[in-house]
1. Give segment 293-331 a look and list any residue that's under 16 Å from Ala397 (Cβ atoms) and either open to solvent by 80 Å² or more (accessible area, probe 1.4 Å) or of a type in the set (Ser, Thr, Tyr) (or both), or say none.
2. Going residue by residue through segment 354-377, is there one that turns out to be under 26 Å from Leu261 (Cβ atoms), open to solvent by less than 20 Å² (accessible area, probe 1.4 Å) and under 38 Å from the mean Cα position of the chain (by Cα)?
3. Among what's in segment 272-289 and is over 15 Å from Gly403 (Cβ atoms), in contact (Cβ under 8 Å) with a residue 24 or more places away in the chain and assigned to a helix (DSSP H, G or I), pick the residue that is least open to solvent (accessible area, probe 1.4 Å).
4. Take segment 337-348 and flag every residue that is in contact with a Gly (Cβ under 8 Å, 6 or more places away or on another chain) and open to solvent by 60 Å² or more (accessible area, probe 1.4 Å).
5. I'd like to verify a number: residues in segment 101-117 that are open to solvent by 20 Å² or more (accessible area, probe 1.4 Å) and either modelled with pLDDT of 85 or more or not in a strand (DSSP E or B) (or both), how many?
6. Arg395 is checked against (1) basic (Lys, Arg); (2) more than 24 Å from Glu300 (Cβ to Cβ); (3) in contact (Cβ under 8 Å) with a residue 24 or more places away in the chain and fails just one. What number does that condition carry?
7. Using the structure shown, decide if Leu194 is free of Cβ contacts under 8 Å to residues at least 60 places away in the same chain and in contact with a Leu (Cβ under 6 Å, 6 or more places away or on another chain).
8. Going by what's in this entry, would Leu153 be described as over 30 Å from Thr92 (Cα atoms), modelled with pLDDT under 75 and open to solvent by less than 80 Å² (accessible area, probe 1.4 Å)?
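The values are calculated or read from the model by the stated rules, or taken from the named source; none is laboratory data. Bear in mind the structure is a predicted one, so any value in this text is a computation, not a measurement. A quick note on method: Cβ atoms are made from the backbone with ideal geometry, for glycine too, and the neighbour counts reach across all protein chains shown. We work out accessible area using only protein heavy atoms, side chains counted, and drop any ligands, DNA or RNA first. Shrake-Rupley method; radii C 1.70, N 1.55, O 1.52, S 1.80 Å.
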Amino acid sequence: MRRLFGKFILAFWLAFAAISLTVAVTAWLIRHEHAQWLEATFSPPPMTESLVALLQAGQLDSVRILLAAHPPHHGPHWRVLDEHGALLAGPTETRPVRSEQRVTDNAGHSYRLQWLAPALDDPHPPGPPGPPPAPWLFIGVALLVSLGFSAGLAWYMVGPVRALRLALRAVANGQLDTRIGGKMGRRRDELADLATDFDAMARQLEQHRLAQRRLLHDVSHELRSPLARLQAAIGLIRQNPERLDDTLSRIERESHRLDALVDEVLTLARLENHVSQPETTVDLIELLTQIADDASVEAEGAGCVIDIDAPGEFVLSCQATLIYRCFENVVRNAIKFSPPDTEIIISAHHDSDGLYVTVRDHGPGVATDELDSIFEPFYRAGGGEGHGLGLAIARRAIASHGGRIVAQLPADGGLAIDIFLPKNG
């Protein structure tokens, strides 16, 4: 049995079976192996009184007839001897004497009435065996067997639990590389499942810590550049006050970049920590159309056009701000990498499962091994511009709604971002 439930049942059943077997063996030994001893412990049967009465009345012949009618084998027997030990009635073979009683008749003759053990196959059976082993001995054996089963079961249970406790303590002390799956051996029960889940948890915590460290490093790196440019601009003002207006414009641009970066980092942090926003009911087709219209001006400035095919409506209760941010980041990312005189195609359709959106550009695309990396924070394919947070925010925003977003490389070039959002309920 593979599961703990079955193993518990088997262990308890085996312990109960051991106790039952011990009781059965004890009963069998008492019944069969120690029958003579049991017989020896019995009091003489009531027939003894009848024999005594006949002897006292001087009816020795009646005693002979009565004893001759008794079964010859395997039962208690009596015999009568005179005072000198001569046999007067009863079995002639040698048998163990269990009890003897002297009887005197009315004429003054003395008799010895002996109660004999059952006849055995051995013509010269030994004396009656001793008593059977004490029941406490068998009970002790049963208890030891049960203790063995219990100890085995306890060891089977406590070993993995102890390993899990030590692993939890190690993780609490910051050792996130701790794994215990290999210590489970060939187990395939709930404890092995628990070890697998623990390893998955520790691996996830380790990845989160690495991601946090990478995020802090990348944020500090991204903040350093605009801050350096701000400091340089301030130095220019001090050195050349005549260029104040131009320098202030540069400072203003850098401050806007800093503000945008901080906003994206905060958004990403909220998504990473699953901080939810109030949900509103919105038509996502209309929202996508609005984003495409707003981005058309930016697309015209880059020399490309946006073509949207999103008929009908798709009303969804969601965190509309995040969905808006997702669609906008994907569309603006397509504009950023689209060369002049190309077309950005936005298509959307829906069915009973949910909404499907595709944003396709005709830019340089990315390498095949970068299709998943472009959704990581601060990753810039080909060393492009920007902070590398737009697609990372998009993926986490879609994932928080139970959807998915993937990147594909169309056969004729460019990059296509496919988004799926499931319907509510």
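1. Filtering segment 293-331 down to residues under 16 Å from Ala397 (Cβ atoms) leaves 316-331.
Answer for segment 293-331, where residues must be under 16 Å from Ala397 (Cβ atoms) and either open to solvent by 80 Å² or more (accessible area, probe 1.4 Å) or of a type in the set (Ser, Thr, Tyr) (or both): Ser317, Thr321, Tyr324.
2. Yes.
3. Looking at the filtered set, the residue picked out is Ile285.
4. Here is the first cut: in segment 337-348, the residues in contact with a Gly (Cβ under 8 Å, 6 or more places away or on another chain) are 337-342.
Of everything in segment 337-348, those that are in contact with a Gly (Cβ under 8 Å, 6 or more places away or on another chain) and open to solvent by 60 Å² or more (accessible area, probe 1.4 Å) turn out to be Phe337, Pro340, Asp341.
5. The total comes to 9.
6. Condition not satisfied by Arg395: (3).
7. No; evaluated as a whole, the condition is false for this residue.
8. Numbers: over 30 Å from Thr92 (Cα atoms): yes; modelled with pLDDT under 75: yes; open to solvent by less than 80 Å² (accessible area, probe 1.4 Å): yes.
Judged against the criteria, Leu153 is a match.
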